[in-house]
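Notes follow the structure.
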Amino acid sequence: MSKIKNQALAKDGNKLLDWAASRMPVLASIRQRFEDEKPLSRLTIGIALHLEKKTGILLRTLTAGGAKIAAASCNPLTTDDSVAAALAEEMDVFAWTDQTDSEYYDCLESVIIAKPHITIDDGCDLIQLLHSKHSNLLDHVIGGCEETTTGIVRLEAMHRDGALKVPVMAVNNAHSKYLFDNRYGTGQSVIEGILSATNTLIAGKTVVVVGYGWCGRGIANRLRGLGAKVIVVETGATNRDGSSGYHRALEASYDGCWVMSMSEAASLGDIFITATGNKHVISENHLGAMKHGAILANSGHFNHEIDLDSMESLSVSKETILPNVEKYHLKNGKDLILLAEGRLVNLAQPTGQGHPIEIMDGSFAVQALCIEYLAKNRGELLPGIYDVPKVIDDDVARIALEAQGIVLEKLTEEQEKYRQSWKEGT
Ligand SMILES: NC(=O)c1ccc[n+]([C@@H]2O[C@H](COP(=O)([O-])OP(=O)(O)OC[C@H]3O[C@@H](n4cnc5c(N)ncnc54)[C@H](O)[C@@H]3O)[C@@H](O)[C@H]2O)c1
């Protein structure tokens, strides 16, 4: 049933999966319990996640719990074909790298045809397709989980319009996810993606980071550690979590970055990294003002943060100079270098490995426990977006600490009492 690139790659894929599994203690402990309790038996789980080694360990954890899996990627460029081959020996996989847009959507359709009871999305595509084209199947759906900020933004829009008909767990919003994955995971892997594509030196470069949310903070602060001069571009707009872009801009300034508008930053940057979840944050005028040889990379979910149509229309020609690295020859005589077609550089770059394994151990542990939560609460949850229960969030952090051998201080009875009291001031 699976549709993948090459089954003969399974041996290599299994090596990658073994390596990832050896560094994912939180999922290992969940998998052990799932093997005993089988909380997901008789459930089909539809997946749209970047199909690479860490995701494979999540999928194996879910099958250990008794689930049947139908899996596609959430991005046309991010499947690891060897991992897809290894997984296809155990479950239905519809994914290969370098898909056209129509192949990508065909694969999502294949997942939907499997009639999933629960979905896991990274960007909301499965849930969106279920609602827009397969609403007849919605009665069958217990709920979904969403991995990333952009997916949550889309879900919130669906919910506001009264269109969301199933409960969805906002996995992205768990502390065990965004505090570590968006900040440290994206922070490290985006820089890794840029370096492995270009082999360029960061020290001494002026790097413009557009967006100072969880991802932008992680990227900017790691760049500073590598000796970059970091410019942050932010807006004054209010964010989903109620924080304003003013606070984020001020935070960037206090963190030691220069903060300015994109129009000011455009002519100064050697490297530009977008991390906003917004559209055309680098647009035609900015592109025209950039230095000869400037490098552009995106870390946001969709490939529309950089205005690629304008990049084409400003150019006389473009050429692929390295794997997934394109040089645009602009009419103004300058060249701009675009990485990974403007898709998320940490995953879409052929050499990009995505987030570090230990980071995804935490994020995917939240996913696995939220899937179990949805299964246990079948029929109890109204359509809407649900926060990850605190007990799940805390458990994941606790197990991750234990796995590192970290022992925490325990509050004394006196300290517990003091924290509860309003009478004792000194
Ligand atoms: N590459 C990855 O592996 C990865 C990992 C996690 C999240 N993401 C994606 O990265 C994006 C950002 O995620 P986040 O969690 O940091 O989001 P966030 O909402 O915390 O931060 C986004 C920031 O961008 C700012 N912004 C919006 N429009 C802007 C503009 N025109 N100019 C400058 N700043 C602007 C907002 O004010 C906000 O501070 C999302 O698309 C998310 O899905 C990618």
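Can you confirm whether region 24-36 contains a residue that is of a type outside the set (F, W, Y), farther than 22 Å from V171 by Cβ and free of Cβ contacts under 8 Å to residues at least 24 places away in the same chain?
Yes, that holds for at least one residue.
Select, from G151, G144, the only residue that is crowded, with 21+ Cβ neighbours inside 10 Å and away from the ligand (no atom under 15 Å from the Cβ).
That would be G144, the only listed residue that is crowded, with 21+ Cβ neighbours inside 10 Å and away from the ligand (no atom under 15 Å from the Cβ).
Please find, within region 291-301, the residue that is surrounded by the most Cβ atoms within 10 Å (Cβ to Cβ) out of those that are within 16 Å of the ligand (Cβ to nearest atom) and not in a strand (DSSP E or B).
At the first step, the residues of region 291-301 found to be within 16 Å of the ligand (Cβ to nearest atom) are 296-301.
With not in a strand (DSSP E or B) added as a condition, the list becomes 299-301.
On the way: S299: 31, G300: 28, H301: 24.
Going through the qualifying residues, I end up with S299.
S102 passes all but one of (1) in contact (Cβ under 8 Å) with a residue 40 or more places away in the chain; (2) closer than 22 Å to I127 by Cβ; which number fails?
Condition not satisfied by S102: (1).
Could you grab me the full set of residues in region 377-426 that are assigned to a helix (DSSP H, G or I) and of a type in the set (A, V, I, L, M, F, W, C)?
V391, I392, V396, A397, I399, A400, L401, A403
Of everything in region 280-290 that's assigned to a loop (DSSP other than H, G, I, E, B) and not small (G, A, S), which residue is farthest from the ligand (Cβ to nearest atom)?
That would be M290.
The rows are residues; the columns are (1) in a helix (DSSP H, G or I); (2) in contact with a strand residue (DSSP E or B) (Cβ under 6 Å, 6 or more places away or on another chain); (3) within 9 Å of the ligand (Cβ to nearest atom); (4) outside the structural domain of T149 (by TED's automatic domain parsing).
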| position | (1), (2), (3), (4) |
| --- | --- |
| G236 | no, no, yes, yes |
| D241 | no, no, yes, yes |
| R248 | yes, no, yes, yes |
| G256 | no, no, no, yes |
| E264 | yes, no, no, yes |
| S267 | no, no, no, yes |
| N278 | no, no, yes, yes |
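Does L374 satisfy the criteria of being within 16 Å of the ligand (Cβ to nearest atom), in contact (Cβ under 8 Å) with a residue 40 or more places away in the chain, at negative phi and outside any loop (DSSP other than H, G, I, E, B)? Let's see the steps before the verdict.
Details: within 16 Å of the ligand (Cβ to nearest atom): no; in contact (Cβ under 8 Å) with a residue 40 or more places away in the chain: yes; at negative phi: yes; outside any loop (DSSP other than H, G, I, E, B): yes.
Criteria not met by L374.
Within region 153-183, which residues are in contact (Cβ under 8 Å) with a residue 60 or more places away in the chain, part of a helix (DSSP H, G or I) and over 21 Å from A368 (Cα atoms)?
V153, E156, H159 - these are the residues of region 153-183 that are in contact (Cβ under 8 Å) with a residue 60 or more places away in the chain, part of a helix (DSSP H, G or I) and over 21 Å from A368 (Cα atoms).
Just one of K3, K11, K15, K38 is touching a Gly at 6+ places or on another chain (Cβ under 6 Å) and surrounded by fewer than 19 Cβ atoms within 10 Å (Cβ to Cβ); which is it?
That would be K38, the only listed residue that is touching a Gly at 6+ places or on another chain (Cβ under 6 Å) and surrounded by fewer than 19 Cβ atoms within 10 Å (Cβ to Cβ).
Would you mind finding the one in G242, G162, G204, G225 that is over 18 Å from the mean Cα position of the chain (by Cα) and modelled with pLDDT under 95?
Answer to the selection: G242.
Suppose we filter region 168-187 for residues that are surrounded by fewer than 21 Cβ atoms within 10 Å (Cβ to Cβ), more than 10 Å from the ligand (Cβ to nearest atom) and not aliphatic (A, V, I, L, M); how many remain?
2
Regarding region 302-324, can at least one residue be identified that is modelled with pLDDT under 95, within 10 Å of the ligand (Cβ to nearest atom) and within 21 Å of the chain's Cα centre (by Cα)?
For region 302-324, residues modelled with pLDDT under 95, within 10 Å of the ligand (Cβ to nearest atom) and within 21 Å of the chain's Cα centre (by Cα): present.
Go through region 26-55 and give me each residue that's closer than 16 Å to C107 by Cβ and not in a strand (DSSP E or B).
Across region 26-55, the qualifying residues are L49, H50, L51, E52, T55.
So that you can scan it fast, the table gives a plain yes or no per residue for (1) crowded, with 23+ Cβ neighbours inside 10 Å; (2) more than 30 Å from K54 (Cβ to Cβ); (3) without any contact (Cβ under 8 Å) to a residue 60 or more places away in the chain; (4) in the same structural domain as A220 (by TED's automatic domain parsing):
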residue	(1), (2), (3), (4)
S315	no, yes, yes, yes
K318	no, yes, yes, yes
L322	no, no, no, yes
I337	no, no, no, yes
E341	no, no, no, yes
M360	yes, no, no, no
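Restricting attention to region 342-352, report how many residues are in contact with a helix residue (DSSP H, G or I) (Cβ under 7 Å, 6 or more places away or on another chain) and either more than 9 Å from the ligand (Cβ to nearest atom) or not β-branched (V, I, T) (or both). If you could, list the steps in order and put the result at the bottom.
From region 342-352, those in contact with a helix residue (DSSP H, G or I) (Cβ under 7 Å, 6 or more places away or on another chain) are 342, 345-346, 348-349, 351-352; that's our starting set.
Retained after the next criterion (residues that are either more than 9 Å from the ligand (Cβ to nearest atom) or not β-branched (V, I, T) (or both)): 342, 346, 348-349, 351-352.
Number of matching residues: 6.
Quick check on this structure: which one of I120, I112, I127 is in contact (Cβ under 8 Å) with a residue 60 or more places away in the chain, part of a helix (DSSP H, G or I) and among the β-branched types (V, I, T)?
Testing whether each residue is in contact (Cβ under 8 Å) with a residue 60 or more places away in the chain, part of a helix (DSSP H, G or I) and among the β-branched types (V, I, T) leaves just I112.
Return the residues of region 224-240 that are in contact (Cβ under 8 Å) with a residue 40 or more places away in the chain and closer than 20 Å to D181 by Cβ; say none if nothing qualifies.
Passing the criteria: only R240.
Output the residues belonging to region 202-220 that are closer than 15 Å to T235 by Cα and either not hydrophobic (A, V, I, L, M, F, W, C) or not assigned by TED's automatic domain parsing to the domain that holds M262 (or both).
Once the filter is applied, which keeps residues that are closer than 15 Å to T235 by Cα and either not hydrophobic (A, V, I, L, M, F, W, C) or not assigned by TED's automatic domain parsing to the domain that holds M262 (or both), region 202-220 yields G211, Y212, G213, G216, R217.
The values are calculated or read from the model by the stated rules, or taken from the named source; none is laboratory data. This one's a predicted model, so the numbers in the text were calculated from it and none came from an experiment. Cβ atoms come from the backbone with ideal geometry, glycine included; neighbour counts cover every protein chain shown.
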